[in-house]
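The values are calculated or read from the model by the stated rules, or taken from the named source; none is laboratory data. The model shown is predicted, which means the values in this text are computed figures rather than measured ones. As a convention, Cβ positions derive from the backbone with ideal geometry for all residues, glycine included, and neighbour counts pool all protein chains shown. Heads up: the accessible areas ignore ligands, DNA and RNA and are worked out on the full protein's heavy atoms, side chains in. Shrake-Rupley method; radii C 1.70, N 1.55, O 1.52, S 1.80 Å.
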Amino acid sequence: MRERRNSAQGRESRELILQTALEVIGRRGYGSTSLRDIAAEVGMTQAGMLHHFGTKESLLVEVLRERDAATREALAEQDGDEPPSVRVARRNAETPALVHLYASLQAAASAPDHPAHAFFEERQRSVHAVVAADIRSRQDAGEMPPGIDADTAATVLLALSDGLQLQQGVDPSIDIAGVLAWTWERLAGAY
């Protein structure tokens, strides 16, 4: 009985840390948020907080996983013809600090020995599959030219999105969703 209670408390603490980290990073920005800031808002020590995640990178990856789950949930509730990648970009525009966290951590995780490398590798495969499936679905519906290779187009769209996120860190006026929507329109009209 005691073990179950401790396990439930551990899950609750972990959830509280993740939600707080999401909020703090969203409010203050990735570069301006330390583990100390998150721990203070949770009411824990840094060591206590890291007990649940092991490393700062592991905590940040879990923050991104939580963000991805919330985004998938929000997209499932939305209807419309707009491509999911454009809807995700519109949603991300509401939390530029989390976009900055994603872009920064993704760049660092390009090293194969980085703790977040596997997360980004799997995420890229997963997102690529969703975008390519969306393109194929639009081709089947006659909304996109059949001659466009869905996998290549998905790679281009993801590279464009990731590059725009990096550029937006320097120039916040960049409208990622607008550029992606423009690109989708050009792909659809490429008959």
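To keep it simple, each residue is scored yes or no on (1) of a type in the set (A, V, I, L, M); (2) in a helix (DSSP H, G or I); (3) surrounded by 15 or more Cβ atoms within 10 Å (Cβ to Cβ).
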residue: Phe119; (1), (2), (3): no, yes, yes
residue: Ala132; (1), (2), (3): yes, yes, yes
residue: Asp151; (1), (2), (3): no, yes, no
residue: Leu158; (1), (2), (3): yes, yes, yes
Practice task
Mind counting the residues in region 70-95 that are surrounded by 13 or more Cβ atoms within 10 Å (Cβ to Cβ) and modelled with pLDDT of 85 or more?
Solution key: 12
Exercise for the section: Specify which of the listed residues (Gln124, Gln168) is assigned to a helix (DSSP H, G or I) and either closer than 14 Å to Pro83 by Cβ or open to solvent by 60 Å² or more (accessible area, probe 1.4 Å) (or both). Expected result: Gln124
Practice task
Report the residue count in region 16-64 for those that are among the hydroxyl-bearing types (Ser, Thr, Tyr), surrounded by fewer than 18 Cβ atoms within 10 Å (Cβ to Cβ) and farther than 19 Å from Ala109 by Cβ.
Solution key: 3
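Take Arg67 and decide whether it is of a type in the set (D, E, K, R), modelled with pLDDT under 85 and either over 20 Å from Val170 (Cα atoms) or in a helix (DSSP H, G or I) (or both). Let's see the steps before the verdict.
Values: of a type in the set (D, E, K, R): yes; modelled with pLDDT under 85: yes; either over 20 Å from Val170 (Cα atoms) or in a helix (DSSP H, G or I) (or both): yes.
So Arg67 fits the description; yes.
Matching residues to (1) in contact (Cβ under 8 Å) with a residue 24 or more places away in the chain; (2) over 30 Å from Arg138 (Cβ atoms); (3) touching a helix residue (DSSP H, G or I) at 6+ places or on another chain (Cβ under 6 Å):
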site	(1), (2), (3)
Gln9	no, yes, no
Val24	no, yes, yes
Arg28	yes, yes, no
Ser32	no, yes, no
His52	yes, yes, yes
Glu66	yes, no, yes
Ala69	no, no, no
Asp79	no, no, no
Problem - Tally of residues being over 11 Å from the mean Cα position of the chain (by Cα) and free of Cβ contacts under 8 Å to residues at least 60 places away in the same chain across region 88-110 - result: 5
